[in-house]
Structures are given as C-alpha cells and as structure tokens.
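The values are calculated or read from the model by the stated rules, or taken from the named source; none is laboratory data. For clarity, every value in this text was computed on a predicted model and none was experimentally measured. In this analysis, Cβ positions are derived from the backbone assuming ideal geometry, glycine residues included, and neighbour counts consider all displayed protein chains.
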Amino acid sequence: MADTHVRTRNAPSPTGVPHVGNTRTALFDYLLAKKYGGEFILRIEDTDQDRFVPGSIEKIYQIHDLLGLVRDEDPVVGGPFGPYIQSQRLEIYQKYASLLVGIDAAYPCFCSEERLKSLHEKDQFAKYDRFCRKLTSEEAQRKIAAGEPYVLRVKLPETGFTIWHDLVQGKLSLPNNECDDKVIMKTIGIPTYHLAVVIDDHLMKISHVLRGVEWMASTPVHLFLYEALGWQPPTFAHVPLLLGPDKSKLSKRHGAKSVLEYAEDGYLPEAINNFLFYLGFSYKDNSEMLTLDKMVEIFDEKKIQRQNAIFDIQRLNYLNSQWIKKMPIEDLFLRLNTYIPADWNDEKVKQILALVKERMFTLRDFAPAAEYFFTAPVVSVQSVLDQSGHSEKETVSWFETVKSVIKDISDFNSTVLHDELAKAQAISGFSPKEAFMSLRVAISGRSVTPPLFDCMVILGKDETLKRLSAIIS
RNA sequence: GGCCCCGUCGUCUAGCGGUUAGGACGUCAGGUUUUCAUCCUGAAUAUCGCGGGUUCGAGUCCCGCCGGGGUCACCA
C-alpha cells in the first residue's frame, strides 16, 4: 500500500451545509492525502434532486477555503477525471448499470411503491423480498417493452459473508443476507449513492474512502459491485461519529453547527482545525497548538479512534484562546475586521488588542471589552461611591488629587502613573482597593477591565481627565 | 427486533499481561494581577461498564451480560 498513490475525496451531498462532523472527516481525508503526497478531491454527490438545497455547494467550498483544505481536483478547477458533479455523469452510470444487468449482477424491479409499503407494514424492519429477482429475463424484457416503470436492484449473494479490512475498524465481517437487494438505479434513470459512489471512486482512482460509520452496513453492497465489475476496491476507513453533549448523534436536526458558523462566532480556523483533529485522534496531551502542516506530518490513519467522540465546546474555547494569545497583534487585528465598528481607529484598536488579547476566548469578545475606550461610559455617581467606600465629599477630594497628579505628569505612561498615584493613595486615607477601583469605574463604567494605568494611557491624559471631571461635576 | 461497531476520570485521550492507571480541557484551592481574566503552583475526580473465566499476575486475552451508537429508503 505504501507504493500505491493516495487519492482521497470529500464527497458531500448538497442537501445543506455540512456540519462539523462531516468536516472532521474531510480534514482527515485531506491529511491522509497530503501525508502521502497524494491528491485531495472534492466531488459533489447530488443524486438526490429532491433534497437539493441551493447554496450548499458554495458553502462546501467556503468550508474548505476557511480551513485551508486545498483541493487538487474539484468541479471548478476540474481535473483528469471530471466532471466532479454526479448529476453531470449520468451517462456513465447508465452505461455501467446496463453492464451490471448484462452480467447478472443487477436486475430490474417493477414492484410498486404500494407493494413495498405493504411489506413494511407487515414488518417495519422487512427487507425487500426479492420478488422481481425471480422474474425471467424474458418476462422482464416484456415488462420493459410494455413501458412499465422499473428500478435496478443489485443482485447480492443470498448466503455467505462479506469480509474486509477496514483501516480504522479492523477486520469486519457482515452476513450477506443482512443486506437487501438495494436499489442502484432509480425509476427516473438517476443512480443511488451505492452505484454512483462505486463507479466514481473507481474512475477517479480514489485509493482510500474515508466516511462515517453509518456507511459500514452497506459496504457489502459496494464491495459486491467492485467485484462484479472486476475492479480493485479502495481501502475503506469508517470513522466514528461526533456526538452532542447529550451523546446523541450530531445532526443538522439537532442543531449541529457548521464550521462556518463557528467561524462567525469568532473561532479561528486554526483552532477549529486543531479541535477537530483532536476529536478522535491523539497526539501528546491533546492540547498542543498544531498547524495544518504539522497535522499532516503527525497524522496516522491507523490511530484514528474507534469510539464516537463528544463535541466539547470548552476544549474549542481553550484552543481558540491559545491561538489568539499566540497570534501577533497585526495578524489578530486583521481577523477582527468584521467584529468591530468601522469607525474605530485602527491604531487605537491595536493598542487595546495588546491589552485585551490575553483575556479573549473568541474574536467576539473584543468589541464588548473595548467599546468604553471609544465611547465615554455613562457612570452613576453611586457606582463610584460604592467602590470608594467613602463619603461623596471625600471621594471628590480624592478625584481632585488624582487630577492634579495626572496634570503634572508629562511622560504619561503606566509606570509613572502607577508610581505617582500610589504615592497619592498612600496619604489619601483610601485603601488601595477603594482608591483604584473607584477610579476604574469612573473612567470605564465597569469594575472589570485590563490594568487601570494601561487603560488610562490608552485613553490619553486629556480623556482621562475629562472622564474624572465628568464624575465629580 | 435482526445484524454490526464501541465501552479507561465530566470531556478528549495514554496504556499494547506486572504502572502508585499518566496527560490535557473543565472543576476547586493558593500565588501573581492594588479588579477580573491571563499566567504559575497545587488538589480532587476512573474499584478501567458488570459478571465469569485463562494466568503466578488482566484495563490489557476469552465468554456472557448490560449500556451507548449505527444500519435495515427509488436519502446521502
């Protein structure tokens, strides 16, 4: 296997925006391909025209672009095995479908919807009873000639087991009689997933098929098709699911978000990648910040966990805060773009960022923590008094002292401020907490801010004085 | 229900017959921060789902059970 060329694919259906679980599989696809110097391909599986959601294909591109999963072949850039959209490959599927019928690996089925329904009414878990499998080819031909609608079903072996080695699940063995004769071609001439995926993966020379464990049970159908067609099957890797905090399967119905939504919420793509990587994979203590390149280097398809993993937002928060702390101000500033008002001064934002980035968990945390630097807060006298613990008269006197000290400072920096105001506080009769917390509330309107003197420096001498005056006038 | 997969701290996991079962996130406490967060230090948290075996010795191997998940569409 080491010498076979690795090609993986992400093959979403455009029935909505893929959620984080699907994207995690795409990440693994990318990592596997790149680890072996192979190609990562995007194929759109739009064989279900009824559930098509306009705009989802664009979202799929956005997800890849956001995370840096660079595609080597896709519907837009093309590639040697296009087209990469299944709805544009219908003739190919039809050709192989009739081939399959010709070699007796598939057969036409004329059963009505009503008949199929009645089968399920008798037993909700009923498989197709293979009624049309018993038809002679003459009978079938006659019905087709008479214009009866029909589908094509795969003619699975009725006994025995299908055995294969799954890259993450290990040796798997499923009894053939557990699968029923799945429909591979619909009445309207469009293939189902089972046919299309096999043909495309083969034609596109996909070496490794990474997909969710929900596909495990139908793998015998796919393997049967490969064998019937005389094709070498790819290596399968069924990766575990992502579960919600309540241990239920993450799904769009349960409000599972897409990676795009997490990005909107202020999570950096670097952190999202990292987080997804650690869900179902282990490297050192699972808390190191890893770049995509590093992940490519350390990824090992044999070490993918077999357990379903629970999506834990706290870990994402941690990773995100670490990436934010690590990022240079200039870079972080660029990311802040859509999270701050357009009229905020860039240089001032950067100054504040230096102070605030240590306490941010997401990009959304910046604006609320910075807005009082741009807009003078409405501060009630009482809230200042609550912090000062002294009478209004004494508090006014303390503020006057502070103002005169500040006025005399020519080099307005936090060290000087600290030294001078500490001296003033020492003889003020105010405790340090009373003295400085009252000032903090007076200039910011809140009791929690970055270090007081740093805040004053960013506000500037004039604005600081102005805000102190406003509270005692 | 049949079939299949999975089962180590709340969470992600290390562990590949002999360990005081380790780390990280989270939690709690202390220190730093004249606030909070960050940061630093420390602590608690798992009788390895349960019950039987095999073995001198089992989280690690075997069997059964239980629990969770998946699947059984002209959806992917």
key: Failed condition for A:Gly280, given (1) modelled with pLDDT under 95; (2) on the phi < 0 side of the Ramachandran plot   = (2)
remark   = Of the candidates A:Leu385, A:Leu319, the one satisfying the condition of being modelled with pLDDT of 95 or more and either more than 13 Å from A:Tyr267 (Cα to Cα) or under 21 Å from the mean Cα position of the chain (by Cα) (or both) is A:Leu319
key: Hey, A:Val168 within 10 Å of RNA strand B (Cβ to nearest atom) and modelled with pLDDT of 95 or more or not   = no
message = Where the second residue is of a type in the set (Asp, Glu) and crowded, with 20+ Cβ neighbours inside 10 Å and the first is closer than 15 Å to A:Glu39 by Cβ and lies in segment A:191-218, which pairs have Cβ atoms under 7 Å and are six or more apart or on separate chains?
response = A:Val209/A:Asp201; A:Leu210/A:Asp29
request  = Answer yes or no as to whether A:Tyr93 is within 13 Å of RNA strand B (Cβ to nearest atom), among the hydroxyl-bearing types (Ser, Thr, Tyr), under 30 Å from A:Asp201 (Cα atoms) and part of a loop (DSSP other than H, G, I, E, B).
outcome  = no
task = Among the residues of segment A:330-379, write down those that are farther than 17 Å from A:Ile443 by Cα and touching a Lys or Arg at 6+ places or on another chain (Cβ under 9 Å).
result = A:Glu330, A:Leu332, A:Phe333, A:Tyr339, A:Lys357, A:Glu358, A:Met360, A:Leu363, A:Asp365, A:Phe366
ask   = With segment A:208-296 as the region, which helices (runs of 4 or more DSSP H) entirely inside it contain at least 2 residues that are among the aliphatic types (A, V, I, L, M) and closer than 28 Å to A:Trp164 by Cβ?
value = A:219-229
request  = Could you list all residues from segment A:1-19 that are buried (at least 24 other Cβ atoms within 10 Å of the Cβ) and either in contact with a strand residue (DSSP E or B) (Cβ under 6 Å, 6 or more places away or on another chain) or acidic (Asp, Glu) (or both)?
outcome  = A:Thr8, A:Arg9, A:Asn10
key: Candidates A:Ile184, A:Ile206, A:Ile188, A:Ile199, filtered to the one that is β-branched (Val, Ile, Thr), farther than 30 Å from A:Asn320 by Cα, surrounded by fewer than 18 Cβ atoms within 10 Å (Cβ to Cβ) and within 15 Å of RNA strand B (Cβ to nearest atom)   = A:Ile188
ask   = Where residues in segment A:262-284 are surrounded by fewer than 19 Cβ atoms within 10 Å (Cβ to Cβ) and within 16 Å of RNA strand B (Cβ to nearest atom), which of them is nearest to A:His238 (Cα to Cα)?
value = A:Ser282
ask   = Failed condition for A:Ser447, given (1) within 17 Å of A:Ala369 (Cβ to Cβ); (2) surrounded by 19 or more Cβ atoms within 10 Å (Cβ to Cβ), with all others met?
value = (2)
request  = Write out, first by first residue and then by second, each pair whose Cβ atoms fall under 9 Å of each other, whose residues are 6+ apart or on separate chains, and whose first residue, in segment A:105-122, is farther than 11 Å from A:Val151 by Cα and modelled with pLDDT under 95 while the second is among the hydrophobic types (A, V, I, L, M, F, W, C) and within 11 Å of RNA strand B (Cβ to nearest atom).
outcome  = A:Leu119/A:Cys111; A:Leu119/A:Ala126; A:His120/A:Ala126
query = Among A:Glu121, A:Glu114, A:Glu138, A:Glu158, which is surrounded by 10 or more Cβ atoms within 10 Å (Cβ to Cβ) and either part of a helix (DSSP H, G or I) or acidic (Asp, Glu) (or both)?
reply = A:Glu158
